[in-house]
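What follows is a short report on a single structure.
No value in this document is a laboratory result; all are computed from the given coordinates. Predicted model, so just to flag it, every value in this text is computed and none were measured. Using ideal geometry, Cβ is built from the backbone for each residue, glycine included, and neighbour counts are taken over all protein chains shown.
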Amino acid sequence: MRRMRPGHRRSGPECRAEKRGGASGVFMVPLAVDKTESCTMTDSHRAPGPGTRPVGSARSRPGMLRSLHFIVFCADLVVLCGAGLGLYHVYGIFDGFLLYYVGMVFAVAAAFVTQATVLKLYDWRFFRLNAARMAPTFWAVLFAFGAGLLIAFALKTTNYYSRLWGVSWVLSFMAYIVVSRAVLMGYFGFAERRGYAARKAVIVGAGEIGRDVLAHFRKFGSQGIDVIGFLDDRMERTDPVVGGLPVLGDTSRIEDLVRTGAIDLIILALPWSAYQRIAGLVQAFAMWPVDIYMAPDCLGLRFADRPVYRIGGMHVLSLKDRPISDWNAVIKRAEDLAIAVPALILLSPLLALTALAIRLESRGSVLFVQKRYGFSNNLIPVYKFRSMYQDKTDPGAATLTQVNDARVTRVGAFIRRTSIDELPQLFNVIQGTMSVVGPRPHAVEAKAGGRLYEEVVAPYASRHQVKPGITGWAQCHGLRGNTDTEDKIIARVEHDLYYVENWSLYLDLVIILKTAVQIVRGDDNAY
């Protein structure tokens with residue numbers, strides 16, 4: 001679950017659904033009365049009372065909405081091919097190469113259809129979402145025209161095509177995409193206001209899970225689905241109105257609702273442990289032309305915003321993703337080397353002068369090597385310029401540094417205030433034990449309010465899921481220096497976890513720029 005920046009609210013996740021096949025059959029399996037367990041939800045997830053406006057009505061929608069994704073697909077394909085061939089005739093160039101142009105048009109169209117299928121642009125389950133975002137459609141367009149260019153290059157036929165024609169074709173089709181999607185979203189808004197844009201659904205199970213499923217629909221928006229009510233085979237134990245929606249009867253009413261066009265979606269909101277009852281309902285409903293979805297159980301609702309992956313022939317719910325892994329880890333490492341190596345070369349005179357100043361002021365080593373917690377909670381040697389007298393250094397950081405600390409030398413005070421003492425950690429970055437940006441590594445005996453950090457903050461170890469950094473999201477927000485109170489380390493860990501779960505190259509750039517500005521302005525916490 002992604003952690004949001006303190007003070008920011010999370011927008012609702014997009015509702016994703018996958019069509020499941022059910023067993024065939026026309027007979028009704030007797031259903032046992034199962035004792036359901038309550039799902040504990042916060043007040044914000046509770047369904048509103050009976051006075052709340054219903055989610056949807058039973059009014060049927062126009063038939064065109066049932067096939068709108070097919071209509072748009074055909075229109076897009078016609079415009080794509082028509083624009084290519086039409087512009088060829090408009091410009092009237094290369095008249096002797098008509099077959100080449102026709103071949104290119106069909107090649108681009110085939111590539112567009114292929115990519116649109118991969119991205120599920122016209123899948124009815126994601127159609128409205130993709131129409132609103134438009135970015136996936138643009139990616140499919142760029143892929144299609146890129147594939148056409150690659151084919152022409154491979155066949156050595158690029159000289160046969162007009163650049164003006166190609167650019168005009170791309171721009172005209174993209175302009176069509178923008179206009180058509182804007183019109184489409186306007187139509188969706190009009191249809192929704194009229195009450196027939198959404199699919200009509202009924203929730204089977206008016207218990208606690210059913211109430212929570214309805215609350216999720218309301219919390220995250222309609223998502224193109226109107227719930228018209230509940231069905232429950234335990235009418236004697238069920239209120240006539242649940243969450244402001246009526247209980248329409250028992251499951252035998254499905255036939256009437258389907259025949260009259262009142263619903264085209266059934267959502268089973270039953271405990272997953274009642275597998276015999278669920279299997280019987282699926283078997284009984286399979287003969288009707290409706291989609292059947294299985295709503296999450298208590299645990300599924302708790303992690304409702306997590307993605308679903310297909311592994312080993314089955315779908316699994318990802319409760320937590322490893323941060324900065326796979327290609328992201330490669331990109332992060334390339335970023336570190338691209339910054340650390342040039343920085344060491346450019347700053348080498350400053351490093352040499354600092355080492356000389358330290359050596360001239362006090363006896364001892366120039367570098368101070370301290371064991372700190374790194375990636376996966378392993379201890380790593382962290383390099384710093386020595387800023388204290390040699391006999392007063394504190395390798396475990398058991399004693400916090402104070403303002404005007406007697407252990408700090410004059411050179412040490414300057415390099416700590418300007419953060420020059422951290423520059424040797426560029427060698428850590430090159431070694432691979434640290435990153436340029438990441439949660440700052442802490443010493444093994446560091447304390448907040450007299451208690452070890454891991455004793456103060458329960459998820460403290462989660463910040464070690466990534467490599468520690470020379471600077472981080474907490475540091476560029478002024479959360480550095482002495483942790484004399486528990487609140488300071490709590491705030492620092494919150495910012496660290498936000499970085500871990502929201503990493504991007506853009507965020508790293510923002511942190512580096514903020515850190516640079518902070519160094520120029522000075523920081524009262526650096527001492």
Item checked: Convex hull of Cα atoms in region 327-521, direction-averaged projection (nm²) -> 10.4
Next item on the list: Enter the mean projected area of the convex hull around the alpha-carbon atoms of region 65-193, in nm², rounded to one decimal.
Entry: 7.8
Item checked: Beta bridge orientation in region 138-252: antiparallel %, DSSP, nearest 5 -> 20
Next item on the list: For region 130-195, count the residues as N, evaluate 2.2 N^0.38 Å, and divide the Cα radius of gyration by that value, please.
Entry: 1.52
Notebook entry, point to check: Counting only residues 5 or more places away or on other chains, whose amide H sits under 5 Å from the amide H of M388 once H atoms are built in the peptide plane?
Noted result: T409
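Under 8 Å for C-alpha pairs, at least 6 residues apart: give me the relative contact order for region 65-193, rounded to a whole percent.
Relative contact order for region 65-193 comes out at 32 percent.
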Item checked: Note, ³J(HN,Hα) from phi for region 247-263, Karplus 6.51, -1.76, 1.60, rounded to Hz, x at Gly and Pro -> 8, 6, x, 8, 5, 5, 7, 4, 4, 5, 5, 6, 4, 7, x, 6, 9
Next item on the list: Give me the lysines in straight-line cross-link reach of K447: C-alpha distance below 28 Å, same-chain residues under 8 apart excluded.
Entry: K371, K384, K392, K467, K488, K514
Check: Which peptide among 332-338, 442-448 comes first, and what is the full order, when sorted by highest mean count of other Cβ atoms within 10 Å?
Finding: 442-448, 332-338
Check: Out of residues 5 or more away from M434 or on other chains, whose amide H comes under 5 Å of its own, with H placed 1.01 Å from N in the peptide plane?
Finding: V429
Next item on the list: In nm, give the distance between the simple-model label positions of L98 and D394, each being 7 Å from the Cα along the Cα-to-Cβ direction.
Entry: 8.7
Margin query: Students often check this: by mean Cβ neighbours within 10 Å, which of 453-459, 267-273, 316-322, 339-345 ranks highest, and how do the rest follow?
Written below: 267-273, 453-459, 339-345, 316-322
Check: How big is the gap, in Å, between the Cα center of region 398-449 and the Cα center of region 147-219?
Finding: 51
Margin query: I'd like the per residue volume of the convex hull spanned by the Cα atoms of region 118-241, given in cubic angstrom.
Written below: 125
Check: For L129 and V510 in one chain, what is 0.36 nm times their gap in residues minus the Cα-Cα distance, to one decimal in nm?
Finding: 134.2 nm
Notebook entry, point to check: In what sequence, highest mean first, do 137-143, 298-304 appear when ranked by Cβ atoms within 10 angstrom?
Noted result: 137-143, 298-304
Next item on the list: Can you check how the C-alpha radius of gyration of region 235-319 compares to 2.2 N^0.38 Å, as a plain ratio?
Entry: 1.28
Check: Can you work out ³J(HN,Hα) from phi for every residue in region 269-285, in order, using Karplus 6.51 cos²θ - 1.76 cosθ + 1.60 and θ = phi - 60°, giving whole Hz and x for Gly and Pro?
Finding: 10, 10, x, 5, 5, 7, 5, 5, 5, 5, 4, x, 5, 4, 5, 6, 7
Item checked: In range of the label at L337: residues from region 445-485 whose backbone nitrogen is under 20 Å from the point 7 Å along Cα→Cβ -> 467-470
